[in-house]
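The values are calculated or read from the model by the stated rules, or taken from the named source; none is laboratory data. Keep in mind that this is a model prediction, so the values were computed, not measured. Reconstructed Cβ throughout: ideal geometry from the backbone, glycine too, with neighbour counts over all protein chains shown. When the accessible area is computed, the model is the full protein with side chains, heavy atoms only, and any ligands, DNA or RNA have been set aside. Shrake-Rupley method; radii C 1.70, N 1.55, O 1.52, S 1.80 Å.
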There are 2 protein chains.
Amino acid sequence: MDIKDYMAALGRGARAAASDVAASSTEQRNAALLAARRRLDQAREALTHANEQDLARGRSNGLDAALLDRLALTPARIDTMLEGLRQVADLPDPVASISDMRTMPSGIQVGRMRVPLGVIGIIYESRPNVTVEAASLCLKSGNATILRGGSEAIESNAAIAACLRDALTEVGLPAAAIQVLDTPDRAAVGELITMPEYVDVIVPRGGKGLIERISADARVPVIKHLDGVCHVYIDSGADPSMATDIAINAKTQRYGTCNTMETLLVAQSEAATLLPSLASAYAEHGVELRGCEQTLEIVPGLQQATEEDWHAEYLAPILAIKVVADIDAAMAHIATYSSQHTDTIVTRDHSRAMRFLREVDSSSVMVNASTRFADGFEYGLGAEIGISTDKLHARGPVGLEGLTSQKYVVLGDGQIRT
Amino acid sequence: MDIKDYMAALGRGARAAASDVAASSTEQRNAALLAARRRLDQAREALTHANEQDLARGRSNGLDAALLDRLALTPARIDTMLEGLRQVADLPDPVASISDMRTMPSGIQVGRMRVPLGVIGIIYESRPNVTVEAASLCLKSGNATILRGGSEAIESNAAIAACLRDALTEVGLPAAAIQVLDTPDRAAVGELITMPEYVDVIVPRGGKGLIERISADARVPVIKHLDGVCHVYIDSGADPSMATDIAINAKTQRYGTCNTMETLLVAQSEAATLLPSLASAYAEHGVELRGCEQTLEIVPGLQQATEEDWHAEYLAPILAIKVVADIDAAMAHIATYSSQHTDTIVTRDHSRAMRFLREVDSSSVMVNASTRFADGFEYGLGAEIGISTDKLHARGPVGLEGLTSQKYVVLGDGQIRT
């Protein structure tokens, strides 16, 4: 079949299924999640077999070790997948809750009801566990979803899709509520992101290159973050031990995550006392430092940071360090180089803390806490489909609420407008 | 100057001004609004003179009477403009308010702070009063704005812009926080909607054609509604007098507004008793009726409604009427033909009321109230920049809150992630 026709058929199916899912009860959607859990558990052998085919093809195509690792559906990963389904079933249902109900002078009552977005397209790389994770969050929030995973995982995803489809049918929901693309054709992505009549929003998950391409070509709104160039600013007069703990944790707790600090800004007044001990602590963790001129004067022998370093999302044990005059210089640096993901100030000064919170235009802004906390679970959202640095709709970690919208509901007893 | 360079210069100016406006105090922004009010009041003569130039050119270009009427800055319209500025100054400031603050198990406190969107582009037709209205809402909500009014109003808008600019400067805010395009070149719109680096969101106000073109070409998110094909469904067993009042009010209170009913759906059980008296009431208002076959059997002599009528936004004293079997048929009709603006059920049945609220996917869904209530003022938003039928970000009447976003704020006392 022509790829345009194939995608349009998928889209029509998803659009039709979306109304049924939106109108379904919490119990029905939770039952589908638990049925999916049971069916995936029973299908462990089939999943492993399908995954082995993907892995074998990947090896013969020369995929690198990191990619093969992400592709692998180990028994432990399957366990985590199943546990995730149970957790999502346990989350409160955001759909149809009414809030902010107020009686207006005309006598009408006006409130807002949370409603699903409709059809959500997810584009991701070759990590089959994401198929279950994303599908479960979309279903729980009353949406239909079309999933497009990396072509390297096509057999694994097909095996997972069969379980999800059967679970939907089992509880009386349309199988088209969760559709997994079964074509490796890259043109399918191009179609998916340009069908606003069938798809309400695209959530891309993956590298910056993938997300940039999708954002540039999409005719459907995209919820995304491109990269995480996160900063910690150690303010003048900051508690040195707190500053050290946060600066070390924000960089070294994990290197490959988007909320890891990539540039450390240090107020001039603290630089001479803090930087030498920080440099030794980073050295113990094997973190390579790249400093501005002033940093190099205090910690000789470091590589000098270039303009590129201030822009860099290393995702690796490398850190750029800059000495700044004060909070204004720190915020100016952040305004220029931050990817508006997560930025932290370590300070004892209340008014500077409040200025930082107010004026730094990032999706998460923190006082005296590690950037590593920017995460749906740590924020109490229960789950996370991604982190958004966009300004419209959702900003910061996106949980079930970010997969819904609010419509106005009006209750009257015959009011007319005069 | 080349139009691309001109627009990029405007965009850079707006982007730079946006941070200052976002960081400004409530008092400062209110002072700017009141200064604008005073300056516009003092400039009445200059405004009228500029407007007369626009009107004279419009007349010699053969503009129709309705367009000339909208273009006219009468003394009464200037009064309304000034009163609007005072009202916007009096509204609560949404910027920087923190909500939903919760302490998480890690000890961090997580909340959400309301922040301006940044730079808002407004594209509208030749109504100079919209310049003041839109600029004031954007300024109050901490945003910079670039306004592009219809070229017929270019002199009037320039005169208004001078007052707004002087008011900003007077209170120490950058004049670039409100910029009004002074070129009639249509290519400027094309630039404005494709500069995501400078513009965060576009709000188009005008006819469906204009908004469709903008949405199709925009590379910046658009907050919009295309049209208002609104329905009233009179349910089986509805109170006949309430049903009549609402059906008459929703159609006849004003014909040209987007929340006016365009199609009336009547449950079969009520049709024979209700339609004859409704038809006479509409006849008294001079409303032309177009009915389905069943309607014509009950009220003979009407024009038969065609497929086009179910899609029509008449904005005129014309109404399409359809008899439907029950609420399911009514909701199926609405799902097919509604523009997802505003739909109402008139009913005495609680469970059908709740089904309608839940299942009708429109930006406003009502029970026992006239569709004409779908409006920012009637909903208590204090003001309205427009009504959105989009699903992302804002749905329904959009007030100051819709011109803002929320970022996460985290307060810690040294927490690190383990």
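Got at least one residue in the range A:408-416 being among the charged types (D, E, K, R) and crowded, with 22+ Cβ neighbours inside 10 Å? No. Within the range B:26-75, being assigned to a loop (DSSP other than H, G, I, E, B), over 15 Å from B:ASN157 (Cα atoms), open to solvent by 50 Å² or more (accessible area, probe 1.4 Å) and not charged (D, E, K, R) holds for B:ASN61, B:GLY62.
Where strands (runs of 3 or more DSSP E) fall wholly inside the range A:246-347, the ranges with 1 or more residues that are surrounded by fewer than 19 Cβ atoms within 10 Å (Cβ to Cβ) are A:288-291, A:318-324. Going by what's in this entry, would B:ASN129 be described as at pLDDT below 95, within 30 Å of B:TYR198 (Cα to Cα) and assigned by TED's automatic domain parsing to the domain that holds B:ILE214? Yes: the conditions hold for B:ASN129. Scanning the range B:348-360 for residues that are in contact (Cβ under 8 Å) with a residue 40 or more places away in the chain and open to solvent by less than 10 Å² (accessible area, probe 1.4 Å) yields a single hit, B:PHE356.
Specify the residue that is farthest from B:MET366 (Cα to Cα); the eligible residues are those in the range A:76-116 that are open to solvent by 50 Å² or more (accessible area, probe 1.4 Å) and part of a helix (DSSP H, G or I).
Here is the first cut: in the range A:76-116, the ones open to solvent by 50 Å² or more (accessible area, probe 1.4 Å) are A:76-77, A:79-80, A:83, A:86-87, A:90, A:92, A:97-98, A:100-103, A:105, A:109.
Still in the list and also part of a helix (DSSP H, G or I): A:76-77, A:79-80, A:83, A:86-87, A:90.
Numbers: A:ALA76: 49, A:ARG77: 47, A:ASP79: 45, A:THR80: 43, A:GLU83: 40, A:ARG86: 36, A:GLN87: 35, A:ASP90: 31 Å.
It comes out as A:ALA76.
Scanning the range A:398-414 for residues that are touching a residue at least 12 places away in the same chain (Cβ under 8 Å), of a type outside the set (Ser, Thr, Tyr) and either more than 7 Å from chain B (Cβ to nearest Cβ) or touching a helix residue (DSSP H, G or I) at 6+ places or on another chain (Cβ under 7 Å) (or both) yields A:VAL398, A:GLY399, A:LEU400, A:GLU401, A:GLY402, A:LEU403, A:VAL409, A:VAL410. Flag: A:SER241 does not match the condition of being over 20 Å from B:GLN415 (Cβ atoms) and in a helix (DSSP H, G or I). Applying the selection to the range A:180-210, what residues are within 14 Å of chain B (Cβ to nearest Cβ) and surrounded by fewer than 21 Cβ atoms within 10 Å (Cβ to Cβ)? Within the range A:180-210, A:THR194, A:PRO196, A:GLU197 qualify. Scanning for something farther than 20 Å from B:GLY386 by Cβ and modelled with pLDDT of 95 or more, does the range B:134-143 turn up at least one residue? Looking for residues that are farther than 20 Å from B:GLY386 by Cβ and modelled with pLDDT of 95 or more, one finds none in the range B:134-143, hence no. Apart from one condition, A:GLU384 fits all of (1) within 27 Å of B:ALA18 (Cα to Cα); (2) open to solvent by 30 Å² or more (accessible area, probe 1.4 Å); the exception is (1).
When A:ALA153, A:ALA167, A:ALA177, A:ALA158 are screened for being at pLDDT 95 or above, open to solvent by 30 Å² or more (accessible area, probe 1.4 Å) and either over 21 Å from the mean Cα position of the chain (by Cα) or in the same structural domain as A:ASP54 (by TED's automatic domain parsing) (or both), only A:ALA158 passes.
Examine the range B:358-370 for a residue that is charged (D, E, K, R), under 30 Å from A:VAL222 (Cβ atoms) and under 14 Å from the mean Cα position of the chain (by Cα), and state whether such a residue exists. Spell out how you get there, then give the answer.
Going residue by residue through the range B:358-370, those that are charged (D, E, K, R) are B:358-359, B:361.
Imposing the further condition that a residue be under 30 Å from A:VAL222 (Cβ atoms) reduces the set to B:358-359, B:361.
Going one step further and asking which of them are under 14 Å from the mean Cα position of the chain (by Cα), we end up with none.
Within the range B:358-370, not a single residue is charged (D, E, K, R), under 30 Å from A:VAL222 (Cβ atoms) and under 14 Å from the mean Cα position of the chain (by Cα).
Total residues in the range B:210-241 satisfying the condition of being on the phi > 0 side of the Ramachandran plot and hydrophobic (A, V, I, L, M, F, W, C): the figure is 0.
On the stretch given as the range A:222-238, residues that are assigned to a strand (DSSP E or B), over 21 Å from A:ILE211 (Cβ atoms) and either more than 26 Å from the chain's Cα centre (by Cα) or within 12 Å of chain B (Cβ to nearest Cβ) (or both) total 2. Based on this model, can you work out whether A:LYS391 counts as facing chain B (nearest Cβ under 10 Å) and open to solvent by less than 20 Å² (accessible area, probe 1.4 Å)? It is false that A:LYS391 is facing chain B (nearest Cβ under 10 Å) and open to solvent by less than 20 Å² (accessible area, probe 1.4 Å).
Being open to solvent by less than 30 Å² (accessible area, probe 1.4 Å), at pLDDT 95 or above and more than 23 Å from A:TYR255 (Cα to Cα): is that true of A:THR371 here? Spelling it out, it is not the case that A:THR371 is open to solvent by less than 30 Å² (accessible area, probe 1.4 Å), at pLDDT 95 or above and more than 23 Å from A:TYR255 (Cα to Cα).
For the range B:348-368, how many residues are assigned to a loop (DSSP other than H, G, I, E, B) and more than 11 Å from every other protein chain (Cβ to nearest Cβ)? Reasoning before the result, please.
Of the residues in the range B:348-368, the ones assigned to a loop (DSSP other than H, G, I, E, B) are B:348-349, B:360-363.
Among the residues that remain, those that are also more than 11 Å from every other protein chain (Cβ to nearest Cβ) are: B:349.
Within the range B:348-368, residues that are assigned to a loop (DSSP other than H, G, I, E, B) and more than 11 Å from every other protein chain (Cβ to nearest Cβ) number 1.
Only residues that are at pLDDT below 95 and within 7 Å of chain A (Cβ to nearest Cβ) were counted in the range B:102-126, giving 0.
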